[in-house]
Amino acid sequence: MSSNRSSYMVKAESEPACSMRISRDSDSIWCSRECARYANRIGFKNGEIWDIAIAISELVTNVSKFARTGTVTICWLRVPRSGIEFVVEDSGPGIEDIEAASEDGFSEGRRLSDNVPMSERRGLGAGLGAVQRLMDEVVIENRTSGGVRVIVRKWLEK
Ligand SMILES: Nc1ncnc2c1ncn2[C@@H]1O[C@H](COP(=O)(O)OP(=O)(O)OP(=O)(O)O)[C@@H](O)[C@H]1O
Ligand SMILES: [Mg+2]
């Protein structure tokens with residue numbers, strides 16, 4: 001661990017977890033910026049911060065597109081490893097087939113190979129697959145009370 005990184009961690013230890021509300025499309029911009037800033041403060045490097053910003057942008061965009069409103073919560077993890085956790089959740093319709101939705105090219109219950117014209121699509125079905133590649137751990141689940149909860153984590157030390 002570099003000394004730079006450890007001094008950030010000492011400073012960040014007193015920071016409370018923070019929660020943000022998602023209520024419009026443009027929230028993907030400021031939510032991903034805030035998550036990136038938090039990750040920077042606890043010692044993540046540039047490339048990792050970009051990964052986090054893109055993953056949060058994809059998840060927040062999904063919330064505003066498919067569920068309209070939701071929340072993002074940031075948590076600094078210390079036990080059993082140092083890292084960061086983001087929980088993005090909503091009370092929308094949920095995802096019928098989570099495994100299929102996580103595959104590239106699967107959007108709104110259909111595959112790109114189904115030849116549905118782009119004008120009738122709202123996405124390429126690339127978001128959840130990208131999140132899986134960018135983050136170290138990803139859990140996607142339907143909430144018992146309705147809606148989706150996505151928990152993503154990135155570790156400071158691999
Ligand atoms: N929060 C959510 N609530 C309901 N359905 C969701 C949610 N997030 C994702 N989905 C479903 O999972 C599918 C796949 O999501 P994904 O982000 O991979 O693709 P997309 O949003 O359709 O396209 P892209 O992200 O490439 O613009 C979505 O098309 C949608 O049907
Ligand atoms: Mg998406």
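Each value in this text was obtained by applying a stated rule to the coordinates, not by laboratory testing. Note that the structure is predicted; figures quoted are calculated from it, not measured. Neighbour counts run over all protein chains shown; Cβ positions are idealised from the backbone, glycine included.
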>> Give the residue list of GluC sites (Glu not before Pro) in segment 68-147 that are DSSP loop and have at most 16 other beta-carbon atoms within 10 angstrom.
In response: E96, E103, E108
> What angle do you read, to the nearest 10 degrees and between 0 and 90, between the alpha-carbon axis of helix 3-12 and the longest principal axis of the chain?
Replying inline: 80 degrees
> Can you list the aspartates and glutamates whose alpha carbon sits under 13 Å from that of K158, skipping same-chain ones fewer than 8 residues off?
Replying inline: E48, D136, E137
> What's the extension gain from E157 to N46 if we count 0.36 nm per residue and subtract their Cα-Cα distance?
Replying inline: 38.5 nm
> For segment 17-158, rounded, prolate or oblate, judged on the Cα gyration tensor with a ≥ b ≥ c (square roots of eigenvalues), a/c < 1.5 rounded, else prolate if a/b > b/c?
Replying inline: prolate
